[in-house]
1. Is it the case that Ile241 is over 30 Å from Val185 (Cβ atoms) and touching a helix residue (DSSP H, G or I) at 6+ places or on another chain (Cβ under 6 Å)?
2. Could you check the range 370-402 and list, in sequence order, the residues that are within 12 Å of Cys413 (Cβ to Cβ) and among the β-branched types (Val, Ile, Thr)?
3. In the range 115-139, what residues are assigned to a loop (DSSP other than H, G, I, E, B) and under 24 Å from Ala73 (Cα atoms)?
4. For residues that are touching a Lys or Arg at 6+ places or on another chain (Cβ under 6 Å) and either without any contact (Cβ under 8 Å) to a residue 60 or more places away in the chain or among the aliphatic types (A, V, I, L, M) (or both), tally how many sit in the range 113-142.
5. Residues in the range 309-342 that are among the hydrophobic types (A, V, I, L, M, F, W, C), under 25 Å from Tyr397 (Cβ atoms) and not in a loop (DSSP other than H, G, I, E, B): how many?
6. Being in a loop (DSSP other than H, G, I, E, B), without any contact (Cβ under 8 Å) to a residue 24 or more places away in the chain and either of a type in the set (Val, Ile, Thr) or surrounded by fewer than 15 Cβ atoms within 10 Å (Cβ to Cβ) (or both) narrows it down to one of Thr384, Thr351, so name that one.
7. If Ser361 meets every condition in (1) part of a helix (DSSP H, G or I); (2) polar (S, T, N, Q); (3) under 21 Å from Asp56 (Cβ atoms) apart from one, which number is that one?
8. When the residues of the range 180-234 are narrowed to those that are in contact with an Asp or Glu (Cβ under 6 Å, 6 or more places away or on another chain) and aliphatic (A, V, I, L, M), which ends up farthest from Lys249 (Cα to Cα)?
Amino acid sequence: MRQKRVSFHTLGCKLNFSESSTLAREFEQGDYLRVEPSDATDVAVINSCSVTEHADKKCRNIIRKIHRRNPNAIIAVTGCYAQLKPNDIAAIEGVDIILGNNNKGDLFRRVEELQEKGKAEVYSCSVEEMTRFFAAYSSGDRTRSFLKVQDGCDYKCAYCTIHYARGASRNIPIATIVEEAREIVAAGQKEIVITGINTGDFGRTTGEKFIDLLRALDEVEGVERYRISSIEPNLITDEIIEFCAKSPKFMPHFHIPLQSGSTHILGLMRRRYTADRYRERIAKIRELMPDTFLGVDVIVGFPGESEEHFMETYHLLEEVGASFLHIFPFSERPGTPAVEMPNKVQSRISTERVARLEELSDRLHKEFASKYLGTEREVLFESTDHSGMMYGYTDNYLRVSAPYDTALINNICRVRLNAFDENGNISSEIVG
């Protein structure tokens, strides 16, 4: 009898990636063969995102494409779009199962229980009922794992549906997360990316603190690198910065969302900090960790954003020395306060501002990376052979290339950073 096949299609954040990987392990333990998203399959799992209308549309298009290619395959959809709009998804031809985020961990069981294709079965829940925690970490990448430590968000920013899609902030105990980190080490991975929806808000369920989690993970033997995937400006305390600066395991790399450099717009967004507070936090990081790579999320075209407000954002990003920008044009999400706000920004203006920030991002990244040309840094090399070349990241998240050498895979090597290649990566030579 032919082994059944399953494919995974993951949209959105690193948290979704860790959850998809955990679901995939359960299918593999159930004697399924995991195949590539483009391959013929018996079961297709879509882990959806709903951060923008574009993400919703992308999910719908993927479902239709899968059904055309695999008309007899079971199609199961989970994630944030499934949580928020299950009936919209159920109306798409070919969908068999829709699970909200509270039921995501039941996906394998629901697929196995499905007797015949018919009307789509919906397993969702209201936000008030969303109390379960689906523990997850990614595997498959030989060098790096995304470890989920927190889920949900209590902030209710004016533009965001995450609270409704993921529920309240919650977590599992530090002791459980430490055991998961040990499992990751046992699988041979040397770098862990700590991830969540509002990662720095860790501890709501257990009464623990994020800094206590960092200290406990720092003690796990075998992990050589940690990165914090994203943390809110109001939650990155002096204590956290000082700890990361002293620990050789925590890399000089932070992703700290800004969204707007205008305190006025931040207020309309219902963010929990001012532009000056953001400046002060980055200054503290630069003081103690001067080589830090700084990734920043920015929303362009929020209702009421004038050219003056936009330029406040532009200049603040220059001032703090952002290393890379994740730029999102404002997208109205049904049910959020921002939908009802006046002074909408025309789409052509938002598009033009996005382009300006993309140019700024390219310039700032090159300025940051250029400072390290001719210097030596440590790189963790990945396993993929790209036409005779391999790639890895420095401690401060610069992507580095080197001639492919199997002896370097999943090893931290000291290299000299030479020059930019045609793809914007940095060529290197091994020095130790």
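The values are calculated or read from the model by the stated rules, or taken from the named source; none is laboratory data. Here the structure is a predicted model, which is why all the values come from computation and not from measurement. Note: ideal-geometry Cβ built from the backbone for every residue, glycine included; neighbour counts use all protein chains shown.
1. For Ile241, the condition - over 30 Å from Val185 (Cβ atoms) and touching a helix residue (DSSP H, G or I) at 6+ places or on another chain (Cβ under 6 Å) - is not met.
2. Val379, Thr394, Val400
3. Gln115, Glu116, Lys117, Gly118, Lys119, Ala120, Ser124, listed by residue number.
4. The number of residues fulfilling the criteria is 1.
5. 7
6. Thr384
7. (3)
8. Start the filter on the range 180-234 by keeping residues that are in contact with an Asp or Glu (Cβ under 6 Å, 6 or more places away or on another chain), which leaves 190, 197, 200, 211, 225.
Narrowing the set further to residues that are aliphatic (A, V, I, L, M) leaves 197, 211.
Details: Ile197: 23, Ile211: 14 Å.
The residue in question is Ile197.
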